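Take a look at the structure set out below.
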Amino acid sequence: MNERSWERIGAASGLAAAVLLLVALLMVPNPPGLDASSVAIVGYLGMRRAAVLTAALLMGLAVVAFLWFIAHLRHVLQRAEGGAEAFSPVVLVSGVSLATMTALAMVPMTALATLAVRPIGVGELGVARVLYAAHMLAVGPIGLLVALFAASAGAAMVRRELAGPWLGWAGMVVALIGLITGFAGFLAAPSAFTMVMTYVMGFAFLLWVGVASLAMLVRPEVEHKAAVRGVFAH
């Protein structure tokens, strides 16, 4: 298998991650807010137990695919930067951190949905609420990591090290949305604004990753004839 084929597989992994995450998000619509009662939270998870567990599985698969995509971006950027190590380390670290935080955020929801097969006692409602809050409050760090990943990858795209400049500027918009969502997750939770921004960030990020993956799938980066001069090169 030649390098062009490997690059297409790497680009396709980003598209697969975007599709899997989108399906996972759509499977669990309108979750209760943090201001909902413990009974309402447990009741929602009990009614949608199968959907929550399936969404968690799909999200796990999406995280695996996204990690492969990040490794592909690292390879492409490192080659384009000629060893200057400008954006490639930031893209790698922020991408892996984002994937890890996303996976961890699903653990409380998965635990609650798994335990929903039996009645939850009055004394356990407080624990259920804490677990649900841990899941919902993860939007803060996830938003900031989305901002860092999209900004670093977008900057590389603007420099023509990856995909195309227009996708880079789109990545900057996604980074701004992620930054706003991250701050809202810490400072304005629970609120309707935070919930709306979470969905806007999620769909904007998935659309951007999907389009970037398609662009690299159609035209593998190995076909670029001229390597871009490294940011720190003299």
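Of note:
- Within region 23-58, being among the charged types (D, E, K, R) and surrounded by 16 or more Cβ atoms within 10 Å (Cβ to Cβ) holds for 48, 49.
- Region 1-42 - residue that is among the acidic types (Asp, Glu) and in a helix (DSSP H, G or I) and, of those, nearest to residue 110 (Cα to Cα): 7
- The listed residue being touching a residue at least 24 places away in the same chain (Cβ under 8 Å) and open to solvent by less than 60 Å² (accessible area, probe 1.4 Å), out of 67, 61, 20: 20
- Single match in 92, 144, 112 (criterion: crowded, with 18+ Cβ neighbours inside 10 Å, more than 21 Å from residue 204 (Cβ to Cβ) and free of Cβ contacts under 8 Å to residues at least 40 places away in the same chain): 92
- Whichever residue in region 165-196 is under 13 Å from residue 212 (Cα atoms), buried (at least 16 other Cβ atoms within 10 Å of the Cβ) and of a type outside the set (A, V, I, L, M) and, among such residues, is modelled with the lowest pLDDT: 168
The values are calculated or read from the model by the stated rules, or taken from the named source; none is laboratory data. Bear in mind that the values here come from a model prediction, so they are computed numbers and not experimental data. As a convention, Cβ positions derive from the backbone with ideal geometry for all residues, glycine included, and neighbour counts pool all protein chains shown. Remember, those area values only see protein heavy atoms, side chains included, never the ligands or the DNA or RNA. Shrake-Rupley method; radii C 1.70, N 1.55, O 1.52, S 1.80 Å.
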